[in-house]
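Okay, structure first, notes after.
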Amino acid sequence: MAIQVPLSYPYSMTMQSNTINNWEDRIMAPDLTIAEYRVDNNIRHFHLTAAPIKHNILSNLTIEALGYNGSTPGPLIIMKQGQWIYLTVENQMDEPTALHVHGLAKPNPEDGVPEITPSTPSIAPGESYTYKFLCWQSGTFFYHSSQAFQVSQGLIGPFIVLPDSQHTNPYTVPYLDYILLLQQWEIPQPELGKVFPGTYKPNKFDRNPNYFTINGKAFPDTSPIYVRYGQKIRMRFINKSSSAHSMHLHGHDFRITAIDGFSRPGFMSDTINVAAGIRWEVEFWANNPGIWPLNGSKTFHQSNNGETPGGMTSRVIYV
Amino acid sequence: MAIQVPLSYPYSMTMQSNTINNWEDRIMAPDLTIAEYRVDNNIRHFHLTAAPIKHNILSNLTIEALGYNGSTPGPLIIMKQGQWIYLTVENQMDEPTALHVHGLAKPNPEDGVPEITPSTPSIAPGESYTYKFLCWQSGTFFYHSSQAFQVSQGLIGPFIVLPDSQHTNPYTVPYLDYILLLQQWEIPQPELGKVFPGTYKPNKFDRNPNYFTINGKAFPDTSPIYVRYGQKIRMRFINKSSSAHSMHLHGHDFRITAIDGFSRPGFMSDTINVAAGIRWEVEFWANNPGIWPLNGSKTFHQSNNGETPGGMTSRVIYV
Amino acid sequence: MAIQVPLSYPYSMTMQSNTINNWEDRIMAPDLTIAEYRVDNNIRHFHLTAAPIKHNILSNLTIEALGYNGSTPGPLIIMKQGQWIYLTVENQMDEPTALHVHGLAKPNPEDGVPEITPSTPSIAPGESYTYKFLCWQSGTFFYHSSQAFQVSQGLIGPFIVLPDSQHTNPYTVPYLDYILLLQQWEIPQPELGKVFPGTYKPNKFDRNPNYFTINGKAFPDTSPIYVRYGQKIRMRFINKSSSAHSMHLHGHDFRITAIDGFSRPGFMSDTINVAAGIRWEVEFWANNPGIWPLNGSKTFHQSNNGETPGGMTSRVIYV
C-alpha cells in the first residue's frame, strides 16, 4: 500500500534547527489532538470539557466512552518547565468529577482527588474548576479523573513538561518526540476470535480486557510513527491501565532517557515493561530503514478480541 | 472529619535523636502488631502460631482466613543485622505447614519448603518447629507458609532486618519507617459494584481478586500514614500477591533506597512497580503539607468489589 | 529420592578450564534440545520445522501444541557474536507462518513479521524460507512465530549469542550457563484443584492460564539445575507469556548480569520480575549446599491447575 505521510510531519528538520527553541514543534501525537492554550505572562491556560463521547477504536468499532474535549485520550497538554498552568475542567457529565495530574508534585488543594483530600474540590455536573500550579519539573505525566471508573471509561490524557533552557543541552533535543498513551478496554462481544462491529459501552471494571489501544486506536487503525534515516527519535509511553504493557520496537534498541520524569542514564533495552502509572521515555537512532512493528509483547494484546494482527501495535515507518 | 493521631506516633522525635540507636522505635506498622520477642544473648526468640482466623478487611466485611498470631498479615518481625533468630512456628491448623523467610539466604535445613527441600521439616498439625538462622543481611523481607494456597489465604507477614552500626550512617536513618504489606483477595460476592457485607471464605486460587489490602485493611479502613513537615519518611512495600501493584504517592517523589535489601543509589520515581516477591524501600521528604492519597495505580484495585473509593489506598496525613 | 545427575553434566570443569573457548560447552538447557548446526566459513546453518506436536508438560498431561523440531520450546539456538546465521524455517502446518528473532536488530527483510513488514515474506504451508543476518550483539534472545496465537500454542524457542573474544574477560565466563524459557498454558480441565490427566488442546487466547512451565515442563517434571559448590552459575530467563513471572531462587542472591543483552553492572536482587518480552541474565555463587526451590513467586503459578507443589518451579541441586 502507498504510505500517506501526514502533512504535519516536519520534513525539513535538520540538525541545524535542532535547538531547544522548537522542541514543542517536534512533539508528535499520532491520533491525538494537541490541546490549544492561551498564554498570559508565564501562564498557559487550558480548557478541558469532560463529557460522554462516542469514539472509534477501529473504523467499525465504536465505544460509548467518556472523553475530554471529545476524545479519549484527551488532548495532549504541553507545558514548559517554570511555567504555571491554569487548567480549567468543565464537567458536562451527570456525575461529579475532578482532575488529577499524576506526578509533578503540587500543593494539596490542586491535587484533584476530593475523595481523599478534603482541600481539593469535587466538580459537580454543570460546573467548572481551574487548577493552578507551577510546572517545576520536566518530564512525562498524565491527567485523569479522580474517579477510578471514569478513567477506565476514557477520562485520561497525556501531559508533558518540556525542560527549560537551563536544564537542556541542545544536543539532547530529539528530532521528533512521540507521545503514546496505552489503554485497554473490556468491550462486550458475543465471543472471542474476531471483531464484532458496532457500538458498545465498555465494562468499566476492565478485568478481562479484549481491546488494546495506543492513543485511542487499535491496529490496523493506529497512525504510524514516521521517522527519517539518521534521526534520534524519542518515544514516551504512558500507561494507567490495569495491565503492564511490554513495549517492543523491532529492528532498534532503546536508550532509556527517563522514568517518571527522572533521568535514567546508562540503560539500554529492546523491550520495556510499562506498568500502571509509570511513564517511560526512550530514544532510538533511526538507523535501520524499513517498516517496523512497535507493539506490546503479550500475545492476546496483539489482537482485537482475538483477531490478529491487531491490538496495541503500531508501525515505525521510514520516509 | 477530625484526624485521630494514634498514641504510638512519636511526636517528640527530632533530628537530634535521629541515631541508629532508636531505629527500631521509629518503625511504624499501621494496622499490624509488632511481634513480641525475648532476647537471649545475641538471639531474638519469636513465636508464631498458624491458625484459622476471622479478620476484618472492612468494618463490615469479614474473611475466614488463615493467620499468624490471630491476624493477616501476621505480626511484624524486627531483627537487627548480626543477630540470630529463633523463630518457633506452632501449627494449630488441620493440615501441615512450614515457614519460609523470603530472601535472606540461610542454610538449607532452615529454609522451610519441605515440598522441595528434604532437609527442612514439615510441621504437622499440633506440632511446632523452631527455625534458627543468622540475620547477616539488613533489608526488607517477609515470611510465609511454604504451601502456596495457605499464603493466598493469609499466612504471610513482614520481616525486617535493621542494619548494624557498621552499616549505618546516622544521617541515613529515617525519621519514621513505615511497613506496608500488600495483599489481594477473591471474596465471594453476588456481583460486582458494591460491598456485600458479611463473612466469607476467600477463594484460595485468587485468580480474579476483588479486594485489595494494605496491612490487611482496604480503604477507607486503612490506618493513615502520619508524618510531620520536614521529616524524611521511609516506606517499605512488600508484595507476594499474584498481581504487581504500582504504588504511587501524590504530592511527593520517591527516592529508591533499596530493592530486595540491596541498595539502589541514584534513582527517583513517583510510582513503583512492586511485583510479586519483590520488596521496595523508598523515602520521601515530607515537604508538602496536606492529606495525600497513597495507592495502587490500577483502577479496579482502587475499589472494594467495584465500589470506590476503596481498595489498596491509604492516606499520608501531615500532623 | 536418589538424585540422577544427567550424563551431560560437566563434572570435570575447573577454574583452569574456565575460558571463553568452551563457553558453548557450558550451556545447559534442561528439558530442551540444543539445535544442531552446520558451520560454513563464518556462518552457522540451522533448520527449524514448525509443525503440530504432542508434548508432555507432565508425565500424565499431554498438549496438542505447535512446535519447532518436535518440541515446545523449540531447540536452543547458540550463536557466537560476529557470526552470520542462516536460519531455515520449514512450515509443516496448514497455515502460514514466519519467524521473528526478538531483539538483535537485523535488516527489515529478515525481521519475519509479514503482517506488518511488507519486505519480509510469509511462509506458506509446505514451504521454507531462510533468514540470514549477522549476530552483531551478544546476549539472550528468543525466536517465535510472527502469528501471536501460534506463539501461545508453542512456537517459540531460545536464541543465545555468546560474546566474541574481544568482548569477553575470561574471568567473567560462568561455570555453567542455564537457559530457562517460561511459558503458561490455558488447558481445558473440568475444574480447578488437581491435574486431570489426558491429552488436551490449549486455548490459544491464554487469558486464564492454569499450567506454568520452565522449558516446557511443570514441576515436579522440571529437570533440576545441577551445580557444584564454588561455581558461579548464570541463569537466563526468557518470557513472552502474557504474565510477568517473578523468579526467585532460595538460599542465594542474584547479581544482575544483563537485561535484553545489555550489561547491568551493580545490581543485586533475590527476585526478578521477568515481564513479557524481556530477558534477564543473572548469576549466583553456588556457596550454600542443598536442594533449593527456584520458582515464580505468584501462588497460583506454583500449582498445576491448583494442585501443589507444581507449576513454574524447579530445583537447584548441589552435586
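All of the numbers you see were taken from the coordinates with simple rules; none came from a lab. The model shown is predicted, which means the values in this text are computed figures rather than measured ones. Don't worry about glycine lacking a Cβ; one is built from the backbone with ideal geometry, like all the others, and counts go over all protein chains shown.
Listed values, structure above:
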item	result
Residue list for the stretch B:259-277, filter: more than 8 Å from chain C (Cβ to nearest Cβ), crowded, with 22+ Cβ neighbours inside 10 Å and not in a loop (DSSP other than H, G, I, E, B)	B:SER269, B:THR271, B:ILE272, B:VAL274
All positions within the stretch A:39-62 that are within 23 Å of A:ALA218 (Cβ to Cβ) and among the β-branched types (Val, Ile, Thr)	A:ILE53, A:ILE57, A:THR62
Residue count for the stretch A:198-238, restricted to those that are closer than 18 Å to A:PRO30 by Cα and within 14 Å of chain B (Cβ to nearest Cβ)	2
Positions within the stretch C:242-293 being among the hydroxyl-bearing types (Ser, Thr, Tyr) and closer than 21 Å to A:GLY266 by Cα, in sequence order	C:THR257, C:SER263, C:SER269
Any chance C:GLY74 is among the small types (Gly, Ala, Ser) and in a loop (DSSP other than H, G, I, E, B)	yes
From A:LEU104, A:LEU87, residue being in a strand (DSSP E or B) and within 23 Å of A:ILE278 (Cβ to Cβ)	A:LEU87
The one condition in (1) under 20 Å from A:SER246 (Cα atoms); (2) in a loop (DSSP other than H, G, I, E, B); (3) in contact with a Phe, Trp or Tyr (Cβ under 7 Å, 6 or more places away or on another chain) that C:ILE256 fails to fulfil	(2)
Residues that are among the small types (Gly, Ala, Ser) and out of contact with any Leu (no Cβ under 8 Å at 6 or more places or on another chain), drawn from the stretch B:183-216	B:GLY193
Answer from B:GLY103, B:GLY112, B:GLY139 - the residue that is touching a Leu at 6+ places or on another chain (Cβ under 6 Å) and either surrounded by 24 or more Cβ atoms within 10 Å (Cβ to Cβ) or within 11 Å of chain C (Cβ to nearest Cβ) (or both)	B:GLY112
Considering residues of the stretch B:245-258 that are within 7 Å of chain A (Cβ to nearest Cβ) and not small (Gly, Ala, Ser) only, the residue surrounded by the most Cβ atoms within 10 Å (Cβ to Cβ)	B:HIS250
Residue match in the stretch A:291-305 (condition: in a strand (DSSP E or B), touching a Ser or Thr at 6+ places or on another chain (Cβ under 6 Å) and of a type in the set (A, V, I, L, M))	yes
Condition met for C:SER241 (buried (at least 23 other Cβ atoms within 10 Å of the Cβ), out of contact with any Pro (no Cβ under 7 Å at 6 or more places or on another chain) and more than 8 Å from chain B (Cβ to nearest Cβ))	yes
Residue identified as of a type outside the set (Lys, Arg), over 30 Å from B:VAL316 (Cα atoms) and touching a residue at least 60 places away in the same chain (Cβ under 8 Å) among A:PRO197, A:PRO158, A:PRO188	A:PRO197
Residue that is surrounded by 17 or more Cβ atoms within 10 Å (Cβ to Cβ), of a type in the set (Asp, Glu) and over 16 Å from C:GLY310 (Cβ atoms), where the choices are C:ASP164, C:ASP221, C:ASP206	C:ASP206
The stretch A:306-319: number of residues that are more than 8 Å from every other protein chain (Cβ to nearest Cβ) and out of contact with any Ser or Thr (no Cβ under 6 Å at 6 or more places or on another chain)	6
Residues of the stretch A:278-288 that turn out to be assigned to a loop (DSSP other than H, G, I, E, B) and more than 7 Å from chain C (Cβ to nearest Cβ), as a count	3
Residue in the stretch A:305-318 that is crowded, with 20+ Cβ neighbours inside 10 Å and of a type in the set (Asp, Glu) present	no
Matching residues in the stretch C:245-270 - criterion: being on the phi > 0 side of the Ramachandran plot, touching a strand residue (DSSP E or B) at 6+ places or on another chain (Cβ under 6 Å) and of a type outside the set (D, E, K, R)	C:GLY251, C:GLY261
Condition broken by C:PRO125, with the remaining ones in (1) farther than 30 Å from C:ALA218 by Cα; (2) buried (at least 17 other Cβ atoms within 10 Å of the Cβ); (3) of a type outside the set (Lys, Arg) satisfied	(2)
Residue match in the stretch A:222-236 (condition: out of contact with any Leu (no Cβ under 8 Å at 6 or more places or on another chain) and aliphatic (A, V, I, L, M))	no
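One line per residue, one yes/no per condition, for (1) over 16 Å from A:GLN153 (Cα atoms); (2) under 17 Å from the mean Cα position of the chain (by Cα); (3) not small (Gly, Ala, Ser):
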residue	(1), (2), (3)
A:MET28	yes, yes, yes
A:LEU32	yes, yes, yes
A:GLU36	yes, yes, yes
A:THR49	no, no, yes
A:ASN69	no, yes, yes
A:GLY74	no, yes, no
